[in-house]
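Notes follow once the structure below has been shown.
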Amino acid sequence: MIKRDLELDRAWAALLAELEKVVGKRPKDLNAVLFLIGVQELGKGKKVFDKEEKQDLMHIAICKVLSLSGFYELEGLDEQGWPHWKLVKKLPHFDLLEQEKLLKMHVIEYFEKEVGLEMNYKG
């Protein structure tokens, strides 16, 4: 368990370093990375989002990354082009630390599969 946590921490640090190269600023935490994924998935480019839109973008990101393990499925886009997801497999009941680990593992997988970054994380 400890070795796996160490591997996750290393892969996460490598991901943040790669994102810093791409974005020009190192994301400060998981929420910042989720926001970036949400913007990517929305596909509307760089713009200013209000607080509610930022929360929606993070929700889009969470659904997208957890869809890699079959937890969510894309239902479609609304009239403004925002994706909507449905829960198709019950999420495991985890404490906050385990939830964060689960999300980080899926975020790393997202950047490997969807963006083509090589993180070499074997989760």
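Key figures
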| quantity | calculated |
| --- | --- |
| Set LYS28/LYS101; LYS28/LYS89; LYS47/LYS113 screened for pairs whose C-alpha atoms are more than 19 Å apart | LYS28/LYS89; LYS47/LYS113 |
| 5 angstrom amide H check on TRP85, placed H, neighbours 5+ away | GLU75 |
| Accessible-area composition of the range 34-77, carbon plus sulfur, in percent [1.4 Å probe] | 49 percent |
| Low-density loop positions, GluC sites (Glu not before Pro), the range 55-98 - DSSP coil, at most 14 other Cβ in 10 Å | GLU79 |
| Per-pair calculated FRET efficiency, R0 = 30 Å: GLN80 and ASP29 via Cβ, rounded to 0.05 | 0.60 |
| Residue-normalised accessible area of the chain, expressed per residue, 1.4 Å probe, Å² | 65 Å² |
| Helical mean residue ellipticity (222 nm; -39500 (n - 2.57) per DSSP H run of 4+; nearest 500) of the chain | -18000 deg cm²/dmol |
| Cα-based equivalent ellipsoid of the chain: semi-axis lengths in Å, sorted from largest, via gyration tensor | 23, 19, 13 |
| The chain, dipole about Cα centre (Lys/Arg Cβ +1, Asp/Glu Cβ -1), debye to the nearest 20 | 300 debye |
| Amide proton proximity set for SER69, modelled H, under 5 Å, gap of 5+ | none |
| Cleavage-rule hits, trypsin sites (Lys or Arg not before Pro), the range 55-123, DSSP coil, Cβ neighbours within 10 Å at most 16 | LYS89, LYS90, LYS122 |
| Whole-Hz couplings from phi, Karplus 6.51/-1.76/1.60, listed for the range 12-22; x for Gly and Pro | 5, 4, 5, 4, 4, 5, 5, 5, 4, 5, 6 |
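The values are calculated or read from the model by the stated rules, or taken from the named source; none is laboratory data. Only a predicted model underlies this, so the values are computations on that prediction, with no experimental measurement involved. Positions of Cβ are backbone-derived with ideal geometry, glycine not excepted, and every protein chain shown enters the neighbour counts. Remember, those area values only see protein heavy atoms, side chains included, never the ligands or the DNA or RNA. Shrake-Rupley method; radii C 1.70, N 1.55, O 1.52, S 1.80 Å.
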